[in-house]
Amino acid sequence: MSSGARVLMLSQRRLMPLVSRCLSYEIEDVIRRVDAVDLVAPAYRQLGIQVVQPFALAQVLLNRLGQMTKQLEELDRRQDLSKLAELKKQLAWLEEKLEDQDRHAESR
């Protein structure tokens, strides 16, 4: 570590050397050019444990959110169906009353 560094940057460039992460690496390079930076870039080692990456965790959370949204939509649909059933009962009652009025009017 240099004594004049103002920033300590943890880089993932050696942990995940993926093209999809190159923008992050470019940003690191720009910051290193414009400021005094100590860069820590640990090397990847297979430790036999699975490290959950932030993007993977976000994907899991988004998938769960999607499942919950579908469940809520299904619940709304069930409530709408129960409302529809209630409206059908009311419509049947109104039709019955109208038929009663028609019969009553015809009998006069």
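Checked against the criteria, Lys97 counts as on the phi < 0 side of the Ramachandran plot, at pLDDT 80 or above and either hydroxyl-bearing (Ser, Thr, Tyr) or part of a helix (DSSP H, G or I) (or both).
Among the conditions (1) exposed (fewer than 10 other Cβ atoms within 10 Å of the Cβ); (2) within 28 Å of the chain's Cα centre (by Cα); (3) at pLDDT 80 or above, Arg33 misses just one, which is (2). Just checking, does region 50-67 include any residue being part of a strand (DSSP E or B), within 36 Å of the chain's Cα centre (by Cα) and at pLDDT 80 or above? No; the residues of region 50-67 include none that is part of a strand (DSSP E or B), within 36 Å of the chain's Cα centre (by Cα) and at pLDDT 80 or above.
The values are calculated or read from the model by the stated rules, or taken from the named source; none is laboratory data. Computed from a predicted structure; not experimentally measured. Neighbour counts are summed over all protein chains in view; Cβ atoms, including those assigned to glycine, are modelled from backbone coordinates with ideal geometry.
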